[in-house]
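J.: Quick one: the structure is below, and I'll ask about it shortly.
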Amino acid sequence: MINRKGIWLLVLSVLMLGFVQDLSAQRIGISTNLLYWATASPNVSLEYRIGSHTTVGGSVGYNPFKLPNRVNAEGVAVNPKLMHWSAGAEWRYWTCRPFERFYVGVHALGGAYNIGGVKILSALENQRYDGWGVGAGVGAGYQWALGQRWGLNVALGVGYVYLHYDRFECGACGDRTGTFNRHYIGPTKASVSFVYFIR
């Protein structure tokens, strides 16, 4: 189940990071992941320079939107969903200097989801999954300057995620078919982000 109070607490936590730093001595980047927007998921990330080659940041994303109901080939009413929230943190080491060129990083992630009845993957078309997950991974990326205040960042990461979920039949009021735990190893991050710098 997606808890809105939890989402706002995560957003406030990320924003409060800025107030415990000496902002006059930091360079701050605020960004949004265009790939996440492709799933109609608003998202924001804040990143702070903490050393001559290092930054730390946090991100939140949320998709509260319900999709239009439909009837499947068997005549069963389907209530498609892609609802989820996510939060993450990352430490980055930049080979040049913060916010420029190549970097490697370590990230942590977590979130909750209620997804099913969509034709993105065959496993999601006739099932619904309601649960949560936490994990961590490593990644790398590159950032280009697009002017004094703007940048473009691309990143990929791999890692481990522990998932706990209930599976339901995909009908509008589908029955629960089980509770499961899954250990996932694979891609944990993909981003193409616009970055705005606050000096």
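J.: Taking 0.36 nm per residue of separation and subtracting the Cα-Cα distance, what length does fully extending LEU163 through PHE65 add?
T.: Stretched fully, the LEU163-PHE65 segment lengthens by 33.1 nm.
J.: Suppose all protein chains stay in the model; what accessible area per residue would a 1.4 Å probe give for segment 39-133, in Å²?
T.: I get 49 Å² per residue for segment 39-133.
J.: Another one. Over the chain, with every protein chain in place, what whole percent of the accessible area is carbon and sulfur at 1.4 Å, could you tell me?
T.: 64 percent
J.: Something else: If you place +1 on the Cβ of every Lys and Arg and -1 on the Cβ of every Asp and Glu, how big does the dipole about the Cα centre of the chain come out, in debye to the nearest 20?
T.: Roughly 380 debye for the chain.
J.: Ok, one more. Pop out the ³J(HN,Hα) list for segment 28-39 in order, Karplus 6.51 cos²θ - 1.76 cosθ + 1.60 with θ = phi - 60°, rounded to Hz; leave Gly and Pro as x.
T.: So the J values, rounded to whole Hz, are 10, x, 10, 9, 9, 8, 5, 5, 5, 4, 5, 9.
J.: How about segment 26-124: which trypsin sites (Lys or Arg not before Pro) there are in a DSSP loop, with at most 16 other Cβ atoms within 10 Å of their Cβ?
T.: ARG27, LYS119
J.: Also, quick follow-up: Let me have the 222 nm mean residue ellipticity of the chain computed from DSSP H runs of 4+ only, each contributing -39500 (n - 2.57), with the sum over all residues rounded to the nearest 500.
T.: It comes out at -3000 deg cm²/dmol, rounded to the nearest 500.
J.: Say R0 is 25 Å: what FRET efficiency, to the nearest 0.05, do ARG199 and TYR93 get from their beta-carbon distance?
T.: Efficiency, from the Cβ-Cβ distance: 0.70.
J.: What are the extents of the Cα atoms of the chain along their three principal axes, listed from largest to smallest and rounded to whole Å?
T.: Principal extents (Cα only, largest first): 60, 29, 29 Å.
J.: Hey, can you rank 134-140, 55-61 by average C-beta count inside 10 Å, highest first?
T.: 55-61, 134-140
J.: Solvent-accessible area per residue for segment 143-199 at a 1.4 Å probe radius, Å²?
T.: Per residue, segment 143-199 has 62 Å² of solvent-accessible surface.
J.: Another question, then. Tell me the chymotrypsin sites (Phe, Trp or Tyr not before Pro) within segment 28-91 that lie in a loop according to DSSP and have at most 14 other beta-carbon atoms within 10 Å.
T.: Filter output for segment 28-91: PHE65.
J.: Applying the Karplus parametrisation 6.51 cos²θ - 1.76 cosθ + 1.60 with θ = phi - 60° to the phi angles of segment 72-77, what ³J(HN,Hα) value in whole Hz is obtained for each residue in order, glycine and proline being reported as x?
T.: My calculation for segment 72-77 gives 7, 4, 8, x, 8, 5 Hz in order.
The values are calculated or read from the model by the stated rules, or taken from the named source; none is laboratory data. Just so it is clear, the model here is predicted, and its values are computed rather than measured. Virtual Cβ from ideal backbone geometry, glycine too; neighbours counted across all protein chains shown. Heads up: the accessible areas ignore ligands, DNA and RNA and are worked out on the full protein's heavy atoms, side chains in. Shrake-Rupley method; radii C 1.70, N 1.55, O 1.52, S 1.80 Å.
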